[in-house]
Amino acid sequence: MQFNIARAAAGAASFAVLASVAGTGAVPAVADETRSNRVLVVLADFEDQHHADAGTDRAGIAQRYFGAEGSLQSYYRAVSRGRLSYVPAVPDKVLGPLTLPWHANCDPRAARQEIERQLPQRGLTKGKDYDSLSIVLPRVPCAWAGLAQVGGPVSWLKAGKGGPTLAAVAHEFGHNLGLPHQPRRVCAGGDLGACGGPAEMGRKSPMGGGGAGPGLSATQLIHAGWLAAGEHQRVTASGTFVLRPLYGGQKGVRALEVPLGHDRLVLEYRRPEGSLDGRLNGVYAYWVSGDSYRSANPLSPSAGDRDGAVTTLHDAAAKLTVTVGAVDADSATVTVTVNGVTAPAGAGTAPAVVVPPENPAASAPATPVPDPDGADGADEPSDSDDPTGAPADPTASVPAEPTGSAPAPRGGGATTSAGREGRTTAPVTPPATTRSNDPEADPGANPDANLAHTGGNGTALALTTAAGATLVATGALLFRRRNRGSGRRARARR
């Protein structure tokens with residue numbers, strides 16, 4: 001297969017360091033903890049491209065982030081059931097526009113560094129005056145609706161017409177909470193032994209390309225610590241269990257966990273509740289690998305079933321069956337057969353144990369992790385997918401450029417001849433280290449950190465820097481061989 005240099009270069013901007021909870025310190029919150037996150041929203045202009053009407057944009061964006069309805073604040077207040085509130089860090093709610101002193105481009109790292117350089121001049125200090133930074137750019141021709149640090153405090157959104165969409169804002173702040181994308185797995189006919197790998201987005205949450213209609217999934221709530229004591233239970237033997245609507249007001253179990261070897265299934269019942277889950281109605285299952293609730297994949301019984309509600313699941317090797325029974329507005333009954341043992345009649349004595357919240361002794365701070373440019377040395381993870389699920393090219397992948405290999409700056413603004421935006425001239429106050437042409441590359445980062453390319457279907461391909469360098473070298477070799485072959489054919493024609 002011919003190595004396409006231009007296509008590979010286009011995928012470089014999609015790389016991200018997916019910081020693990022253990023590695024970054026982004027610990028889930030205690031279920032009963034209530035906290036506020038002070039969000040500093042900054043409008044940013046370029047020298048040659050501005051917000052068309054800054055006053056109107058500020059008002060609309062303030063509503064999108066902090067309005068009583070249809071906002072970042074209202075969405076996460078609902079899904080966390082009041083445990084997390086995003087509040088404005090400044091009285092005017094939105095700051096700016098601040099000017100980025102170069103022509104429009106798609107370099108998120110440079111934009112953040114310049115904004116953070118200017119903020120102290122306005123009396124604003126990270127940590128003291130704000131917890132999260134969200135930079136809203138004008139409508140630039142970048143191949144993303146938004147970007148965010150995974151498990152970090154920074155996000156980037158494009159204003160577009162009417163400002164960023166709620167889907168985009170909720171999606172990027174989900175990344176800040178440590179949540180990756182949520183692609184689904186197809187298990188043909190409900191056979192857990194025949195599940196494929198993660199495929200297109202699962203649409204059960206903003207992280208799965210579902211927009212802002214659905215809430216977060218039960219597994220994501222477990223990661224965040226937003227289920228109360230007793231709402232997450234683990235099956236210990238065969239029985240019939242009662243699930244309550246994930247966002248309903250009833251008391252009871254909202255996440256039922258079924259052991260499956262070294263992994264587990266998590267079952268939830270979703271139905272329309274208030275502003276959430278308007279398109280969902282049924283019992284849904286998630287495959288959790290090891291203990292990574294945040295990375296769980298929703299399961300579908302067939303590739304054509306985008307809803308993916310479960311009626312039955314089975315695994316012959318594990319002698320496990322899951323059967324959904326009666327479903328009404330208040331509850332759904334689920335019968336689980338473990339080790340081939342028939343479940344006793346009735347749900348009153350169903351055997352299960354309460355699963356405590358993740359890291360119950362640790363409280364998540366308002367800022368989940370230090371700035372990845374800081375002492376932890378991690379690269380800056382980001383998302384390049386359209387949160388509505390519009391596909392990017394999942395085959396285009398090259399690693400971040402190695403330290404010291406930054407190309408010469410390109411002028412004249414954005415260009416898309418190779419499928420990515422070109423760099424413009426450097427900012428007035430460039431960072432101390434030389435930046436590479438890849439907006440996700442940081443020469444000061446750990447060169448051995450795992451990189452991941454997240455494609456439009458939500459799958460992640462993990463690569464080390466060394467493996468990526470081999471890929472680039474191979475591509476360059478093929479490119480040179482092709483050119484030599486073209487030269488020989490030209491000489492032969494002469």
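The values are calculated or read from the model by the stated rules, or taken from the named source; none is laboratory data. Quantities reported herein were computed from a predicted structural model and do not represent experimental measurements. Every residue, glycine as well, gets a Cβ built from its backbone with ideal geometry; the counts of neighbours run over all protein chains shown. SASA here: full protein model, heavy atoms, side chains in, ligands and nucleic acids out. Shrake-Rupley method; radii C 1.70, N 1.55, O 1.52, S 1.80 Å.
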- Looking only at residues in the range 249-273 that are small (Gly, Ala, Ser) and in contact with a Ser or Thr (Cβ under 9 Å, 6 or more places away or on another chain), which one is nearest to Val310 (Cα to Cα)? Ala255
- Item | Close pairs from the range 117-132: first farther than 18 Å from Leu100 by Cβ, partner assigned to a loop (DSSP other than H, G, I, E, B) and of a type in the set (S, T, N, Q), Cβ under 6 Å, at least 6 apart | Asp131/Thr367
- Task: Test Ala296 against the criterion of being in contact with a helix residue (DSSP H, G or I) (Cβ under 9 Å, 6 or more places away or on another chain), open to solvent by 10 Å² or more (accessible area, probe 1.4 Å) and under 19 Å from Cys187 (Cβ atoms), and give yes or no.
- Result: no
- Item | Any hit, the range 163-180, residues being part of a loop (DSSP other than H, G, I, E, B), closer than 30 Å to Gly304 by Cβ and modelled with pLDDT of 95 or more | yes
- Every residue from the range 77-100 that is open to solvent by less than 30 Å² (accessible area, probe 1.4 Å) and in contact with a Pro (Cβ under 9 Å, 6 or more places away or on another chain): Val94, Leu100
- Item | Hey, Ala228 open to solvent by 10 Å² or more (accessible area, probe 1.4 Å), more than 17 Å from Ala350 (Cβ to Cβ) and not charged (D, E, K, R) or not | yes
